[in-house]
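Visitor: Before anything else, here's the structure in question.
The values are calculated or read from the model by the stated rules, or taken from the named source; none is laboratory data. The structure displayed is predicted, hence computed values, not measured ones. We place every Cβ from the backbone using ideal geometry, glycine too, and count neighbours over all the protein chains shown.
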């Protein structure tokens, strides 16, 4: 009888196996999120920023267009694409702080109106870069968004060198605040989906295009 009870206890239990699997996956996700946060917090542009064939600013957050315009003014590249500007948007629609720069460099700036998602940004960027035979691009977007954006763009432009210039938005200034943790958790999950080759599943518009 004791041996029979021991045998029963060792039998396969699907529910227990499923619980163990969920716990294991949740633990791996949490560790990955922590590593993701460290990478984001340590993100910084190269110094000095090397010259490139073009600059791409992905809209959807504070400071991205301003940073890209500053790079254009410094002649880090001769042309700028503002991707995901939205239909009906014009250069004059940007903030007053950027109005003078956008007017002065209007001939070197392209507004991309088609992209609604990060995947759309990548496709729009690839079309713009290929049409101009570019071999290097400076990518400007939020630091938390950079890993996913670079991955998407690199897949569309595998032969093009990408130079990452991350911008730290106000939302990331308090790393362990609940809103920041929620933002990073969502972004990390989207990054994993894209990493798995399922870009469409991570590409639903969220109001910012990212």
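Visitor: Among the candidates 152, 164, which residue alone is within 17 Å of the chain's Cα centre (by Cα), assigned to a helix (DSSP H, G or I) and touching a residue at least 40 places away in the same chain (Cβ under 8 Å)? Write out each step before concluding.
Guide: Numbers: 164 fails: assigned to a helix (DSSP H, G or I).
It is 152.
Visitor: Going through region 126-144 one residue at a time, which ones are closer than 21 Å to residue 187 by Cα and touching a strand residue (DSSP E or B) at 6+ places or on another chain (Cβ under 7 Å)? It would help to see each step written out before you state the result.
Guide: If we filter region 126-144 for residues that are closer than 21 Å to residue 187 by Cα, which is where we start, we get 139-144.
If the condition is that a residue be closer than 21 Å to residue 187 by Cα and touching a strand residue (DSSP E or B) at 6+ places or on another chain (Cβ under 7 Å), then 139, 140, 141, 142, 143 are the ones that fit.
Visitor: Give region 142-170 a look and list any residue that's more than 30 Å from residue 131 (Cα to Cα) and buried (at least 16 other Cβ atoms within 10 Å of the Cβ), or say none.
Guide: 168, 169
Visitor: Look through region 167-178, keep the residues that are out of contact with any strand residue (DSSP E or B) (no Cβ under 7 Å at 6 or more places or on another chain) and either assigned to a strand (DSSP E or B) or touching a residue at least 12 places away in the same chain (Cβ under 8 Å) (or both), and return whichever of them is nearest to residue 37 (Cα to Cα).
Guide: Step one: of region 167-178, the residues out of contact with any strand residue (DSSP E or B) (no Cβ under 7 Å at 6 or more places or on another chain) are 168, 170-178.
Right, trim to either assigned to a strand (DSSP E or B) or touching a residue at least 12 places away in the same chain (Cβ under 8 Å) (or both) and you get 168, 170-172, 175.
Numbers: 168: 13, 170: 15, 171: 13, 172: 10, 175: 8 Å.
This residue is 175.
Visitor: Looking at region 79-92, is at least one residue surrounded by 14 or more Cβ atoms within 10 Å (Cβ to Cβ), closer than 30 Å to residue 185 by Cβ and free of Cβ contacts under 8 Å to residues at least 12 places away in the same chain?
Guide: no
Visitor: Residue 89 - would you say it is over 20 Å from residue 71 (Cα atoms) and in contact with a strand residue (DSSP E or B) (Cβ under 7 Å, 6 or more places away or on another chain)?
Guide: It is true that residue 89 is over 20 Å from residue 71 (Cα atoms) and in contact with a strand residue (DSSP E or B) (Cβ under 7 Å, 6 or more places away or on another chain).
Visitor: Within region 29-45, is there a residue that is assigned to a loop (DSSP other than H, G, I, E, B), over 17 Å from residue 187 (Cβ atoms) and at pLDDT 90 or above?
Guide: Let us first name the residues in region 29-45 that are assigned to a loop (DSSP other than H, G, I, E, B), namely 43-45.
Still in the running and over 17 Å from residue 187 (Cβ atoms): 44-45.
From what's left, at pLDDT 90 or above: 44-45.
Yes; the residues of region 29-45 include at least one that is assigned to a loop (DSSP other than H, G, I, E, B), over 17 Å from residue 187 (Cβ atoms) and at pLDDT 90 or above.
Visitor: Restricting to region 40-53, name every residue that is under 18 Å from the mean Cα position of the chain (by Cα) and surrounded by 13 or more Cβ atoms within 10 Å (Cβ to Cβ).
Guide: First, pick out the residues of region 40-53 that are under 18 Å from the mean Cα position of the chain (by Cα): 40-46.
Within region 40-53, 40, 41, 43, 45 meet the criteria.
Residue-by-condition table, conditions (1) at pLDDT below 95; (2) under 27 Å from residue 192 (Cα atoms); (3) in a strand (DSSP E or B); (4) in contact with a helix residue (DSSP H, G or I) (Cβ under 9 Å, 6 or more places away or on another chain):
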{"residue": "89", "(1), (2), (3), (4)": "yes, no, no, no"}
{"residue": "111", "(1), (2), (3), (4)": "yes, no, yes, yes"}
{"residue": "124", "(1), (2), (3), (4)": "no, yes, no, no"}
{"residue": "134", "(1), (2), (3), (4)": "no, no, no, yes"}
{"residue": "140", "(1), (2), (3), (4)": "no, yes, yes, yes"}
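Visitor: Would you mind telling me which numbered condition in (1) touching a helix residue (DSSP H, G or I) at 6+ places or on another chain (Cβ under 7 Å); (2) part of a helix (DSSP H, G or I); (3) at pLDDT below 95; (4) surrounded by 13 or more Cβ atoms within 10 Å (Cβ to Cβ) residue 181 fails?
Guide: (1)
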